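**Q** Sharing a structure, written as structure tokens. Questions coming.
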Amino acid sequence: MTSNMAIELKWLPPFHGPPEVGRTSAIIEIRFGSENATRFDDDWSESVQHGVRVSAYPLALWLASSWWRIRWEPLPSRIRLTPDGIPADASWRMSHELPAAGYGFIWPKLEFASDGEAIWVSCRPSPALSREPVRYLSEFEAFVPAPEFERETDNFMDLVLRRLDSLGQTELHILWREVLDERADPRQSDARRIEARLGYEPDEAPLMLLERLLELASEAGPGATDEIAPVCAGSRPIETLNEVINLASRPGVRGRVSVPGEAGVKDGTMPPWQRARRIAKAVRESLGLGDQPLDDESLAQLLQIRSDHLNGPVESLPGAPMGLAVRTGNDEELRLVFRKRNRPARRFEAARFIADYLCADPRERWLPLTDAATARQKLQRAFAAEFLCPIESLRNYLGDEFLPEAFEDAAEHFGISEVAIKSHLANHHLIPRTLVESQTIP
């Protein structure tokens, strides 16, 4: 479920400190739908407050400096190193976690990450034994449509900058004007978006890497390039990009998607997994599959490949950074470059290829399958889970047996991995997310 975002200000007499900080002293309330991130237990007043007394300047400065990464950088799918060999976690936290706004204020534990269509927000309470005078109480997750995030951020910046105008030109004026100019220029906007997807601050990505990705968009498609960039995030981005480009020249497995169904529509107001479930159910109905498991022969027919392509290491590339389908331009033919080796994971990849074929822009030549937490990859994974293992059929199969051996039996029955079974159940709030958080979905 998506939520509205609101940052509300009530100006206060100036605090002590730099003029920018004092001039923007305020009670700030940050809400996402019905959830309030700034609800806190106040030692001084011995009461629960809904807005915190801070300065809007540090918050605005942090949002402006982090804007491109918050708007476009997905949640890392694994622990990464920077090109200098430093854990990327510190860089991530400075750009995505609100306490990095600093200036001596106690900020709520808010984390932001983008899937391209919406901004995921995670709020965590202060530690129970915290000795801080302000102890935040809320714990929730929310998804904010990206246009909503942009509008509310713009509104907040406008309020803060107008408050600062009497001080003349501040660092925030300069920084936010740069962000707005970049957003208004299509070429600069494309470059900033790709930089963010790679995990870089503005102007910090290697120029050669950035230029190659921007050039790749004309061959692979701009949407495909957006998906490839997070794959290259880490300590060896250029080498990884070379590996990805080499994948496109592999012979792969020749096939064609022969599945009826309407293409998915990008819609930031509907989470990708909801769209995926709707599309998967529609495709199953059009094929007359009901809720029964899909055997290898039937699944292979949908891609016009041999069933043994789903049941062995035929043309697999287990060390590849991602899976890939390439449109050959020959009567809708695809070259399918599988990454996985085992049968359940290979079946899952096959279903993801079908999902991306149905939902990607038909002008996109490359159809990437990655581990990234982007909307496109979320949709692929959710489609594959529902298409191969309809949730109602899974619930009927399990009954009341939510035990490890039951998950193992279900995985064998539906022909997908046990991890995918658990993730499917967790996505429908039938088991705790903690059961799958430490594992990797195929």
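The values are calculated or read from the model by the stated rules, or taken from the named source; none is laboratory data. Keep in mind the model is a prediction, meaning the values are calculated, not measured. Glycine gets a Cβ as well: all are built from the backbone with ideal geometry, and neighbour counts include every protein chain shown. Note: accessible area is taken over every heavy atom of the protein model, side chains too, but ligands, DNA and RNA are not part of it. Shrake-Rupley method; radii C 1.70, N 1.55, O 1.52, S 1.80 Å.
**Q** From the list Phe32, Phe15, exactly one residue is of a type in the set (Phe, Trp, Tyr) and over 29 Å from Asn427 (Cα atoms). Which is it?
**A** On the way: Phe32 fails: over 29 Å from Asn427 (Cα atoms).
Testing whether each residue is of a type in the set (Phe, Trp, Tyr) and over 29 Å from Asn427 (Cα atoms) leaves just Phe15.
**Q** Which residue pairs have Cβ atoms under 7 Å apart, sit 6 or more places apart or on different chains, and have a first residue in the range 358-372 that is in contact (Cβ under 8 Å) with a residue 12 or more places away in the chain and a second that is open to solvent by 30 Å² or more (accessible area, probe 1.4 Å) and basic (Lys, Arg)?
**A** Matching pairs, first to second residue: Arg365/Arg327.
**Q** Assuming Gly319 fulfils every condition listed in (1) open to solvent by 10 Å² or more (accessible area, probe 1.4 Å); (2) under 22 Å from Pro76 (Cβ atoms); (3) touching a residue at least 24 places away in the same chain (Cβ under 8 Å) apart from one, which condition is it?
**A** (3)
For every residue, the table says whether it meets (1) in a strand (DSSP E or B); (2) closer than 25 Å to Asn311 by Cβ; (3) modelled with pLDDT under 95.
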| site | (1), (2), (3) |
| --- | --- |
| Asp331 | no, no, yes |
| Pro344 | no, yes, yes |
| Phe348 | no, yes, yes |
| Tyr357 | no, yes, yes |
| Asp361 | no, no, yes |
| Leu367 | yes, yes, no |
| Ala385 | no, yes, yes |
| Arg395 | no, no, yes |
| Asp400 | no, no, yes |
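**Q** Another question about this same structure. List every residue pair whose Cβ atoms sit under 6 Å apart, with the two residues 6 or more apart in sequence or on different chains, where the first one lies in the range 23-43 and is within 30 Å of Leu167 (Cα to Cα) and the second, anywhere, is open to solvent by 40 Å² or more (accessible area, probe 1.4 Å) and part of a loop (DSSP other than H, G, I, E, B).
**A** As it stands, the answer is Ser25/Pro14; Ser25/Phe15; Glu29/His50, since those pairs meet every condition given.
**Q** Is there a residue being in contact with a Leu (Cβ under 8 Å, 6 or more places away or on another chain) and open to solvent by 10 Å² or more (accessible area, probe 1.4 Å) anywhere in the range 131-149? It would help to see each step written out before you state the result.
**A** Restricting attention to the range 131-149, the residues satisfying the condition of being in contact with a Leu (Cβ under 8 Å, 6 or more places away or on another chain) are none.
No: zero hits.
**Q** Of all residues in the range 138-151, how many are more than 16 Å from Pro99 (Cβ to Cβ) and either modelled with pLDDT under 85 or not in a helix (DSSP H, G or I) (or both)?
**A** First, pick out the residues of the range 138-151 that are more than 16 Å from Pro99 (Cβ to Cβ): 140-151.
Cutting the leftovers down to either modelled with pLDDT under 85 or not in a helix (DSSP H, G or I) (or both) gives us 140-145.
Counting residues in the range 138-151 that are more than 16 Å from Pro99 (Cβ to Cβ) and either modelled with pLDDT under 85 or not in a helix (DSSP H, G or I) (or both) gives 6.
**Q** Can you pull out every residue in the range 136-185 that is free of Cβ contacts under 8 Å to residues at least 12 places away in the same chain and either touching a helix residue (DSSP H, G or I) at 6+ places or on another chain (Cβ under 7 Å) or of a type in the set (Val, Ile, Thr) (or both)?
**A** Once the filter is applied, which keeps residues that are free of Cβ contacts under 8 Å to residues at least 12 places away in the same chain and either touching a helix residue (DSSP H, G or I) at 6+ places or on another chain (Cβ under 7 Å) or of a type in the set (Val, Ile, Thr) (or both), the range 136-185 yields Ile174, Arg183.
**Q** Looking for whichever is surrounded by fewer than 18 Cβ atoms within 10 Å (Cβ to Cβ), assigned to a helix (DSSP H, G or I) and modelled with pLDDT under 80 here; the options are Glu405, Glu412. Which one fits? Can you show your working first?
**A** Numbers: Glu412 fails: modelled with pLDDT under 80.
Answer to the selection: Glu405.
**Q** Out of the residues in the range 222-241 that are outside any loop (DSSP other than H, G, I, E, B) and of a type in the set (Gly, Ala, Ser), which is nearest to Pro206 (Cα to Cα)?
**A** From the range 222-241, those outside any loop (DSSP other than H, G, I, E, B) are 222-231, 237-241; that's our starting set.
Cutting the leftovers down to of a type in the set (Gly, Ala, Ser) gives us 223-224, 229.
Working: Gly223: 21, Ala224: 20, Ala229: 13 Å.
The residue in question is Ala229.
**Q** Here's a follow-up. Just checking, how many residues over the range 153-207 are open to solvent by less than 30 Å² (accessible area, probe 1.4 Å) and part of a helix (DSSP H, G or I)?
**A** Residues flagged as open to solvent by less than 30 Å² (accessible area, probe 1.4 Å) and part of a helix (DSSP H, G or I) within the range 153-207 amount to 19.
**Q** Now a separate question. Tell me which of these Ser298 doesn't satisfy, since it passes every other one: (1) surrounded by 15 or more Cβ atoms within 10 Å (Cβ to Cβ); (2) without any contact (Cβ under 8 Å) to a residue 40 or more places away in the chain; (3) among the hydroxyl-bearing types (Ser, Thr, Tyr).
**A** Unmet condition: (1).
**Q** If Glu211 meets every condition in (1) open to solvent by less than 70 Å² (accessible area, probe 1.4 Å); (2) more than 26 Å from Gln49 (Cα to Cα); (3) out of contact with any Pro (no Cβ under 8 Å at 6 or more places or on another chain) apart from one, which number is that one?
**A** Here Glu211 clears every test but (1).
**Q** Restricting the range 258-286 to residues that are hydrophobic (A, V, I, L, M, F, W, C) and modelled with pLDDT of 90 or more, which is surrounded by the most Cβ atoms within 10 Å (Cβ to Cβ)? Spell out the reasoning first.
**A** Quick first cut of the range 258-286, residues hydrophobic (A, V, I, L, M, F, W, C) only: 259, 263, 265, 270, 273, 276, 279-280, 282-283.
Okay, now just the ones that are also modelled with pLDDT of 90 or more, so 276, 279-280, 282-283.
On the way: Ala276: 24, Ile279: 24, Ala280: 26, Ala282: 14, Val283: 22.
Ranking the qualifying residues of the range 258-286, first place goes to Ala280.
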